[in-house]
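Here's the structure we're looking at; comments come further down.
The values are calculated or read from the model by the stated rules, or taken from the named source; none is laboratory data. Keep in mind that this is a model prediction, so the values were computed, not measured. When we count neighbours, we look across all protein chains shown, and the Cβ atoms used for this are built from the backbone with ideal geometry, even at glycine.
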Amino acid sequence: MKARLAAFMRERTATSERQPYMIEGGASFAYVFGQVLVFLLLVEAVSGAALAAFYSPSSTDAWASVAYIQDQATWGWLVRGVHHHGASAIVVVAGLHLVQTAVAGAYKRPRELVWWLGVLLLVLMLAWAVTGYVLRWDQAGYWANRVEIGIAAGTPIIGEKIRQLALGGNDYGNLTLTRFYALHVILLPVIVTLVTIAHVVLARRHGTTALRSRPAAPRWPDQSLRDALAMAITFAILLGYVISQHGADLASPADPAASYDARPLWYFRWLYELRELAGSAEQIVAMVVPGIVAGFLVALPLLDKRPERAARRRKLWLGALTGVLAMIGALTVMSFARDSGDAELAKRRVTAEKLTDHARKLARENGVPATGAQDVWSTAPMWKARTIYAQKCMGCHQDPKDRKGPVIGPGHGSRAWIKAFLLDPSGDEFWGRTDLVKNSRLAQQREAEEKARKEKDDKAKQPDDKPGKPDDKADGADGGDAADKPAKPTGPQDLAMPATTLAGADLDAVVELLYAQSGAADVDKPKAERGTKLFEEHCDACHSLAEGVAGASGPGLAGLGSRDHYTSFIGNPKAAIHMTADMSQMPRFDKELSLPDRYEVAQYLVWLRTATQADLDALGPLEPK
Amino acid sequence: MGDDPDRRKFLKVATCALGGGVGLVMAVPAIRLVLDPAGKQTVTTPKEPLDLGSIDRFKISEPPQRVEVIAPVIKDAWTAARNVVLGAAWVRRIGPGPADLDARSAICPHLGCAVGFDATKGNYLCPCHDSRFAVNGDKLTGPSERGLDKLPIEVVDGRLKLTWVLYRMGRSTPEPV
């Protein structure tokens, strides 16, 4: 049956029965590397085809589609991991293949061409990896590519043209990705396939260089089993590594404005380290050294010409090759050691990782805006309000050093916050740092009087008496350490609100009443009702709770802590209903911020009332800086 | 030793088993990934009623008006796109009450072309295969198996809210996809 089928196929394919392909000196594990490489290329082809069914090479979609593969498509992370780390496996096995060939002296006449095609394949593999790394369009791939293209652009005369051709124009964009994608999935696969076929066909024609003086053995199945075993072991290691790493990494979306500690793929780290060491000569080093290494590999069969194959009689050239490989290895180790010894870098990496996790989470949960992956940050909850807050409000309300106004943070406007405020309105957390407390008109007046009195005293008593220590009252007028005592001298702070004299259940009732102004759902109505009477007794002289009515000498408190109140306050804190120009330094924002923007910020402030620091942290970073 | 037929057979079987196994392990994740979108809601369109503007423009005994159905957000695999046109509806007033409106999907029930309104004849015409539909949506002539599909609508505060539904083509009764 089998024989008949074989005969049938031979006739249909017009081939004759061939003698089995024999391996001189017998089958050996030393010969598996070439087959394993072909197998790994197949792994890349299969995984690459699957990835291509999801990937979108455009500057708005590339990162988003890779994040989709990584985080949403079933087994996408596995296939992407196999593809990414499979490329690393190719570099490793190609290195072993090269060393094995060199040690066996298999590059010698008449096999020089096979060797040269092999060196060409190695260079093509590295170029292939470069074209693949940029496609993810994350910070890592994007910045690594910028550096690589920067090096290529340093080529004398044609450098700028190379850059423009690679990028598809003057800058990174859609055409960069479509170009690298075309190179990566069409041109390079075709070229590598053709060169590989030439390499393999020539190698087969010449046959292997016999390692031992054993009888020849047929390739099938003696060598084939060893090949299959080697493939299985390689793939098992690859798969194990991919699973242990949960596939390949994916940093946050490419952002030309955000700095990033870009590192090339590990097999280029030796060049990266060389550039670090070369200092100002980095451009030359980056161009020339790879050229020298490639040139040495190409020249090897021409230099090591004697027909002698035994390794121990070719110490000079094998020693030179060992030297080159040892240099590459040492530089690689140095580069990684330099990074792992850098504490600052480690800190930046932790920050970058946080950003990455945040961006990926947002992409997974909200999708990426059609405007591009760099806008994924804007899908975070209250992003717009938080961005405005960070730009316009934080400096005065949160910065520990330069803060000029009351602290705004989690719990702002809560019962606890209102209570603390009433007990110490001039506290550092509240009005303490404002001009309202620091330079109230009466305080200035007192200061001036004090100064005048001192001058008078000095004139009368001079010269033996030193300027007297300011007394307690003057100290209070200065207001510098307004936070130290809850009961403040109320005199000097003429416009600033005095601390409340209420306490216990009475204070809680007024707090409840003020809290109720926000419209919160959990108001204790009877308690707030009790507060109304107390408010009339203690607060009504300055404040008002009537809708749209300013107090006699303080802000109207109707709606305090509600979204509308915040919106109006942010729009113009100096309005008569709010703080008036005398009592507020805060600029008005009704020109700078549109009403919807102020609404958003107000909504955020309302959210802060019930938020904790943990809630705030959970919102994640705004975007990379 | 290389000539022992049992040993050779074992080598061949072992090679095929090993090679086949590796190939399978390699191919399965890739195939699984490619099959992933099948049966998944990769493009999600809103199921809730969409605001299509004020109802004031629909006047009694006037010809139907073509209204673009715009989704505020749709999710398309990895993209969340805003203000995406899902399709169009033909809307006309059929009574004096605010909610007395009739909305028909502009997707031809025959093979899915966009149906237009022929003002001179006062009925709908599908430009692809000449199906004609009466102004009330009933099938008149042509290959379509059924009349134009009615879309669920409601009127809230003087605004038209329409729920976008896709129906299977080529059936005699409307079945949502």
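Quick one: B:Phe58 ticks every box in (1) surrounded by 15 or more Cβ atoms within 10 Å (Cβ to Cβ); (2) not in a loop (DSSP other than H, G, I, E, B) except a single one, so which number is it? Here B:Phe58 clears every test but (2).
Which residue, of B:Leu24, B:Leu50, B:Leu33, is closer than 30 Å to B:Ile153 by Cβ and either within 45 Å of the chain's Cα centre (by Cα) or away from chain A (no Cβ under 11 Å) (or both)? Steps first, please.
Numbers: B:Leu24 fails: closer than 30 Å to B:Ile153 by Cβ; B:Leu33 fails: closer than 30 Å to B:Ile153 by Cβ.
Being closer than 30 Å to B:Ile153 by Cβ and either within 45 Å of the chain's Cα centre (by Cα) or away from chain A (no Cβ under 11 Å) (or both) holds for just one of B:Leu24, B:Leu50, B:Leu33, which is B:Leu50.
So in the range A:205-229, with the set limited to residues that are in a helix (DSSP H, G or I) and facing chain B (nearest Cβ under 7 Å), which one is surrounded by the fewest Cβ atoms within 10 Å (Cβ to Cβ)? For the range A:205-229, the residue satisfying everything is A:Leu229. When the test is whether a residue is surrounded by 17 or more Cβ atoms within 10 Å (Cβ to Cβ), in contact (Cβ under 8 Å) with a residue 24 or more places away in the chain, out of contact with any Gly (no Cβ under 9 Å at 6 or more places or on another chain) and more than 22 Å from A:Gly295 (Cβ to Cβ), A:Ala166 does not pass it.
If you check B:Val85, B:Val69 for being farther than 20 Å from B:Leu140 by Cβ and away from chain A (no Cβ under 14 Å), only one passes: B:Val69. Among residues of the range A:32-51 being more than 10 Å from chain B (Cβ to nearest Cβ) and of a type in the set (Val, Ile, Thr), the one that is nearest to A:Asp227 (Cα to Cα) is A:Val32. Inspect all residues belonging to the range A:35-49 and state whether any of them is more than 21 Å from A:Ala248 (Cβ to Cβ) and over 37 Å from the mean Cα position of the chain (by Cα). Within the range A:35-49 (the criterion being more than 21 Å from A:Ala248 (Cβ to Cβ) and over 37 Å from the mean Cα position of the chain (by Cα)), the answer is yes, since at least one residue qualifies. Of the listed requirements (1) outside any loop (DSSP other than H, G, I, E, B); (2) without any contact (Cβ under 8 Å) to a residue 60 or more places away in the chain; (3) among the aliphatic types (A, V, I, L, M), A:Val38 misses just one: (2).
Filter the range A:326-341 for residues that are more than 11 Å from A:Leu274 (Cα to Cα), within 33 Å of the chain's Cα centre (by Cα) and assigned to a helix (DSSP H, G or I) and give the result. Matches in the range A:326-341: A:Gly329, A:Val333, A:Phe336, A:Ala337, A:Arg338, A:Asp339, A:Ser340. For the range A:435-456, the criterion of being surrounded by fewer than 17 Cβ atoms within 10 Å (Cβ to Cβ), outside any helix (DSSP H, G or I) and modelled with pLDDT under 80 is satisfied by at least one residue.
So which of A:Ala337, A:Ala380, A:Ala294 ends up being closer than 19 Å to A:Pro264 by Cβ and either polar (S, T, N, Q) or surrounded by 13 or more Cβ atoms within 10 Å (Cβ to Cβ) (or both)? Show your work before the answer.
On the way: A:Ala337 fails: either polar (S, T, N, Q) or surrounded by 13 or more Cβ atoms within 10 Å (Cβ to Cβ) (or both); A:Ala380 fails: closer than 19 Å to A:Pro264 by Cβ.
Of A:Ala337, A:Ala380, A:Ala294, the one residue that is closer than 19 Å to A:Pro264 by Cβ and either polar (S, T, N, Q) or surrounded by 13 or more Cβ atoms within 10 Å (Cβ to Cβ) (or both) is A:Ala294.
Looking at the structure I just gave you, is A:Tyr272 under 30 Å from A:Trp143 (Cβ atoms), surrounded by fewer than 20 Cβ atoms within 10 Å (Cβ to Cβ), of a type in the set (Phe, Trp, Tyr) and touching a residue at least 12 places away in the same chain (Cβ under 8 Å)? No.
One residue is enough: does the range A:124-131 have a residue meeting the conditions more than 25 Å from A:Gln245 (Cβ to Cβ), touching a residue at least 60 places away in the same chain (Cβ under 8 Å) and either among the aliphatic types (A, V, I, L, M) or away from every other protein chain (no Cβ under 13 Å) (or both)? Break it down into steps so the answer makes sense when it comes.
Filtering the range A:124-131 down to residues more than 25 Å from A:Gln245 (Cβ to Cβ) leaves A:124.
Checking the rest, the ones that are also touching a residue at least 60 places away in the same chain (Cβ under 8 Å) come to A:124.
Among the residues that remain, those that are also either among the aliphatic types (A, V, I, L, M) or away from every other protein chain (no Cβ under 13 Å) (or both) are: A:124.
Yes, because at least one residue in the range A:124-131 is more than 25 Å from A:Gln245 (Cβ to Cβ), touching a residue at least 60 places away in the same chain (Cβ under 8 Å) and either among the aliphatic types (A, V, I, L, M) or away from every other protein chain (no Cβ under 13 Å) (or both).
Picking from residues in the range A:561-603 that are under 35 Å from the mean Cα position of the chain (by Cα), among the hydroxyl-bearing types (Ser, Thr, Tyr) and over 23 Å from A:Val511 (Cβ atoms), the one that is surrounded by the most Cβ atoms within 10 Å (Cβ to Cβ) is A:Thr567. Screening B:Asp102, B:Asp130 for residues that are assigned by TED's automatic domain parsing to the domain that holds B:Arg57 and either within 15 Å of the chain's Cα centre (by Cα) or in a strand (DSSP E or B) (or both) leaves exactly one candidate, B:Asp102.
Can you say whether B:Leu140 is over 18 Å from B:Glu68 (Cβ atoms), among the aliphatic types (A, V, I, L, M) and in a strand (DSSP E or B), as far as the supplied structure shows? Give the steps one after another, and end with the answer.
Values: over 18 Å from B:Glu68 (Cβ atoms): yes; among the aliphatic types (A, V, I, L, M): yes; in a strand (DSSP E or B): yes.
Yes, satisfied.
Of the residues A:Val99, A:Val43, the single one that is crowded, with 23+ Cβ neighbours inside 10 Å and β-branched (Val, Ile, Thr) is A:Val43.
Which of the residues belonging to the range B:82-101 are touching a Pro at 6+ places or on another chain (Cβ under 8 Å) and crowded, with 20+ Cβ neighbours inside 10 Å?
Narrowing the range B:82-101 to residues touching a Pro at 6+ places or on another chain (Cβ under 8 Å): B:82-83, B:90-92.
Once the filter is applied, which keeps residues that are touching a Pro at 6+ places or on another chain (Cβ under 8 Å) and crowded, with 20+ Cβ neighbours inside 10 Å, the range B:82-101 yields B:Trp90, B:Val91, B:Arg92.
Is it true that some residue in the range A:318-330 is in contact (Cβ under 8 Å) with a residue 24 or more places away in the chain, among the polar types (S, T, N, Q) and surrounded by 13 or more Cβ atoms within 10 Å (Cβ to Cβ)? The answer is no, given that none of the residues of the range A:318-330 is in contact (Cβ under 8 Å) with a residue 24 or more places away in the chain, among the polar types (S, T, N, Q) and surrounded by 13 or more Cβ atoms within 10 Å (Cβ to Cβ). For the structure I just gave you, tell me whether B:Val91 is within 14 Å of chain A (Cβ to nearest Cβ), touching a strand residue (DSSP E or B) at 6+ places or on another chain (Cβ under 8 Å), in contact (Cβ under 8 Å) with a residue 12 or more places away in the chain and not in a loop (DSSP other than H, G, I, E, B). No; evaluated as a whole, the condition is false for this residue. Checked against the criteria, A:Phe54 counts as surrounded by 14 or more Cβ atoms within 10 Å (Cβ to Cβ) and within 14 Å of another protein chain (Cβ to nearest Cβ).
Taking the residues in the range A:65-75 that are in contact with a Gly (Cβ under 8 Å, 6 or more places away or on another chain) and at the interface with chain B (Cβ under 10 Å from one of its Cβ atoms) as candidates, determine which candidate is nearest to B:Ala80 (Cα to Cα).
Of everything passing the filter in the range A:65-75, A:Tyr68 is nearest to B:Ala80 (Cα to Cα).
Can you name the residue in the range B:155-175 that is outside any strand (DSSP E or B) and of a type in the set (D, E, K, R) and, of all such residues, is farthest from the chain's Cα centre (by Cα)? Result: B:Asp157. Scanning the range A:1-28 for residues that are surrounded by 12 or more Cβ atoms within 10 Å (Cβ to Cβ) and outside any loop (DSSP other than H, G, I, E, B) yields A:Arg10, A:Met22, A:Ile23.
Checked against (1) in a helix (DSSP H, G or I); (2) closer than 21 Å to A:Ala62 by Cβ; (3) not β-branched (Val, Ile, Thr), A:Leu202 passes all but condition (2). Do we have any residue at all in the range A:77-100 that's within 14 Å of chain B (Cβ to nearest Cβ) and in a loop (DSSP other than H, G, I, E, B)? No.
Would you list the helices (runs of 4 or more DSSP H) that sit entirely within the range A:558-625 and hold 2 or more residues that are of a type in the set (Ser, Thr, Tyr)?
Numbers: elements: A:563-571, A:580-583, A:595-610, A:613-618.
Counting at least 2 such residues, we get A:563-571, A:595-610.
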